[in-house]
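What follows is a single structure, written as C-alpha cells, with notes after it.
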Amino acid sequence: MWYELTKEFIYGIVGLEGKLADALHFFIYDTAKIWFLLLTIIFAVSFLRTWVNTEYVRAHLQGKSALYGHVGASLFGIITPFCSCSAIPLFLGFIQARIPVGVTFSYLISAPMNNEIAIAMLFGLFGWKVTAIYIGFGLMVAIIGGYFIGKMGAEKEILLDVKPIDSELEAGLVSLTVKERANEAWGYTLDIFKKIYLYVLLGVGVGAWIHGYIPTDFIARYTGEGNPFAVIIAVMMGIPMYSNAAGVMPLVEVLTGKGMLLGTALSFMMAVTALSLPEALILKKIISIRLIGLFFAIVGSGIIIIGYLFNTIL
C-alpha cells in the first residue's frame, strides 16, 4: 500500500518522470519503510525484554554448540522478509538481548539473502533445483560467515552502549506496570533512533541514486559470459547498490536474459541484498569500521566462491 501511495504521489500528483522520479520514489518509499521498522521492531524487542530475562536466552545459546546458534539464526533469517538495511533493527535487538555477536551476524547475512520473498521469486523464475541450491549456499555463507566473525572477538567492536541485564532486573520485572514497561521501551527506542536515523537517510539516498541512474546494460557489459572475472566484478558492482530480493530479482532475470551466467547473476543479487553500501553506512554507527570491513570481506569472499560453484554446477 505504501509503495503504491508513494508511486502515485511521485508519478501522478507531482508529475515527475524518468530517472529522477525512479530515484525519488525509491528514496521516499525506503526511508519511511526503514524508519518505521526501526521504531516498531526496536520498541517491540525493548518492550518484550522487560517481561523476559534474556540472560536465560543467552545461557541457552551458550549451552549449545556454536553450530546450533549459527544454524538457528540463519534459519530464522528465512522467515523474516527484510533487505540488508531492514534487518538491522532486529540485529540491534539481538545485540540488546546479548546474543553472541557471531550468531547475530549469521542472522544479518541470512535475512536479506534467504528470505521467503527471494525463495518464492527464485522458484517462479528458475525452478526448484536452482532455488534449493541457492538456499543451501546462502545458509552456508550465513553460518560460516557468522562463525568466523564470532571467533574473532567481535564483541569489543560494538559501539553502542548495550546495558547488560543482571539478576537485579529480574526482581524488578514483577513490579513494573504495562505503562512503565512501554515508557521504558519507548525511551530506549528513541535513543537508538536518534543515533542512526541520519545514517539511514544517507544510506538510502546513495542507494536511490544508484537505483535510478545506473543502467542495466552497464552492469551486463562487464559481467558477461566470456569474462573469467565476471563473478568478482558482479559482486563488486552489487555491493554499492541497495535493494531487497523483490527489487533485485527482476534485474537478475534481465541480466541472465542478456547472457550473464546464472551463478554470476545470483552472486550479484547476493551482494546487493546482503552487502550494500547503505547497510555499511548504517552499521557504522553500531559497529566499528574494522568489524564492518571484516564482515564484508568474509561474506563477499563466500559469495564469490558460491558464484563460481554455481556456474560450474549449472
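All of the numbers you see were taken from the coordinates with simple rules; none came from a lab. Treat the numbers as computed from the prediction; the structure is a model and nothing was measured. Counting neighbours? That spans all protein chains shown, and the Cβs are built from the backbone with ideal geometry, glycine included.
The table below gives the values:
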{"quantity": "Peptides ranked, highest mean first, by Cβ atoms within 10 Å: ranges 32-39, 101-108, 300-307", "calculated": "101-108, 300-307, 32-39"}
{"quantity": "Set of lysines near LYS156 by C-alpha distance (under 20 Å), chain-local residues within fewer than 8 positions excluded", "calculated": "LYS195, LYS284, LYS285"}
